[in-house]
Amino acid sequence: MKFDNKAFHKWEDETHIPEKIMTMVNAIAKQVGCDEVAEETINLYNRDNQVIGFAKGFSLTHCTSSYADGPSPDYSKEMAMWLKGLNFVVENSHGDNGMDCSTNWQDTYWTHEFIYKPTEVYEERFIICEDKDYIE
């Protein structure tokens with residue numbers, strides 16, 4: 001089996017979050033102090049942290065701790081509740097919850113990745129099975 005990069009890039013180039021929805025997302029993001037968000041391809045993972053699919057979405061990051069500036073407001077819960085009505089879900093969250101010795105006392109951040117559910121596809125769509133993949 002092999003991954004069909006051509007089919008994947010075609011999906012990636014042709015699949016987008018509708019412009020009206022992204023306009024609404026950026027309007028509310030601006031109201032809560034977030035920079036403009038840009039559409040990106042988000043990986044979907046299984047419990048073993050293996051990529052199993054893809055979707056179009058965006059990331060929101062906030063500072064959880066800063067020695068100089070203090071933390072930034074975290075609107076991820078409110079954004080998630082609002083975005084649910086626009087067909088978004090939180091797919092991945094990652095980062096560091098606070099400034100500590102493991103981060104060498106640096107500013108730390110938490111990121112939430114939101115996916116637009118209608119764009120969700122699974123890896124099988126881009127897998128090409130070859131004759132050698134079948135056991136006789």
Check your understanding: Using modelled backbone amide H atoms (1.01 Å from N, in-plane), which distant-in-sequence or interchain residues come within less than 5 Å of ILE17's amide H?
Key -> none
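Within the stretch 1-70, report the trypsin sites (Lys or Arg not before Pro) that DSSP leaves as loop and that have at most 15 other Cβ atoms within 10 Å. The partial results should precede the final answer.
Numbers: sites: LYS2, LYS6, LYS10, LYS20, LYS30, ARG47, LYS56; in loops: ARG47.
Here the trypsin sites (Lys or Arg not before Pro) that fit, given the DSSP loop and packing criteria, are ARG47.
Run the numbers for GLU124 and MET81: contour at 0.36 nm per residue of separation, minus the present Cα-Cα distance, in nm. Display every interim value, and only then the final one.
Details: separation 43, 0.36 × 43 = 15.48 nm, distance 3.05 nm.
The GLU124-MET81 span can extend by a further 12.4 nm.
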Revision key, fill the gap. Checked against a 31 Å limit on the C-alpha separation, the offending pairs among LYS30/LYS117; LYS2/LYS117; LYS6/LYS117; LYS10/LYS84 are none
**Study point:** Loop-located GluC sites (Glu not before Pro) in the stretch 1-36 whose Cβ has at most 11 other Cβ within 10 Å (DSSP)
**Key:** GLU36
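FYI, it's all coordinate maths here, none of it is from the lab. Note that the structure is a prediction, hence the values are computed from the model and not measured. Here the Cβ is made from the backbone with ideal geometry for all residues, glycine too, and neighbour counts use every protein chain on show.
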